[in-house]
């Protein structure tokens, strides 16, 4: 399953299905294949891009998001924290994503991460979040965690989340060129608790 997860840069990913799932598409190339599902966690520009959504959206595409984004895009499915939906073989549950102590991602914004259950694997995409109480309820096989510390998990906090969740694999996100030292530090801090998959951009 880990090989079916592709990084598109920063916090954007797609998961090869079926169903074909895009998460927070941002600066993506137009594809001949429409997405089956597009997940949008919150309204910040690097995660919510109407232009990129339109590149990937077909007549049957399901867009799943929070109330704030749904005010700007027609025909969305709104999930509130801990609500779930089944699409083809994928179960998708909304997980709260916020910064308890910061101003950039207040809980009142209704930001979401997602727990995606597909092919007998649970994939936790944390979204823009710091450590939250709700994370203690999640035991995924694969965790996709931010490491930038921009109102989100930093390297050390992300490693602590890995220690608590004990996934088999973890993928760091919200980084780019010039941040390689943080990625290596994260790998070092995780140690043998999980296999750190350092993503490469899809050409």
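Here are the numbers for this structure:
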| read-out | value |
| --- | --- |
| The range 20-90 shape via C-alpha gyration tensor axes, a/c threshold 1.5 | oblate |
| Spacing of the two label points (7 Å from each Cα toward its C-beta) at residue 33 and residue 181, in nm | 3.9 nm |
| Label-point separation, residue 75 to residue 6 (7 Å along Cα→Cβ), nm | 2.5 nm |
| Among 142-149, 164-171, the order from most to least packed when residues are scored by Cβ within 10 Å on average | 142-149, 164-171 |
| Virtual spin-label span in nm between residue 160 and residue 121, 7 Å along Cα→Cβ | 2.8 nm |
| Mean separation of Cα contacts under 8 Å (6+ apart) over length of the chain, as relative contact order % | 15 percent |
| Pair-distance profile P(r), taking every C-alpha pair of the chain, with 5 angstrom steps and integer % | 1, 8, 17, 22, 23, 16, 9, 3, 0 |
| Helix-only mean residue ellipticity at 222 nm for the chain, each DSSP H run of n ≥ 4 adding -39500 (n - 2.57), per residue, nearest 500 | -4500 deg cm²/dmol |
| Cβ crowding within 10 Å averaged over residues, with 113-119, 185-191 ranked highest first | 113-119, 185-191 |
| Ranked by how many other beta carbons lie within 10 Å on average, peptides 20-33, 120-133 from highest | 120-133, 20-33 |
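Rule-based calculations on the coordinates, nothing more; no lab input. It should be emphasised that the depicted structure is a prediction, and the values quoted were computed from it without experimental measurement. Every residue, glycine as well, gets a Cβ built from its backbone with ideal geometry; the counts of neighbours run over all protein chains shown.
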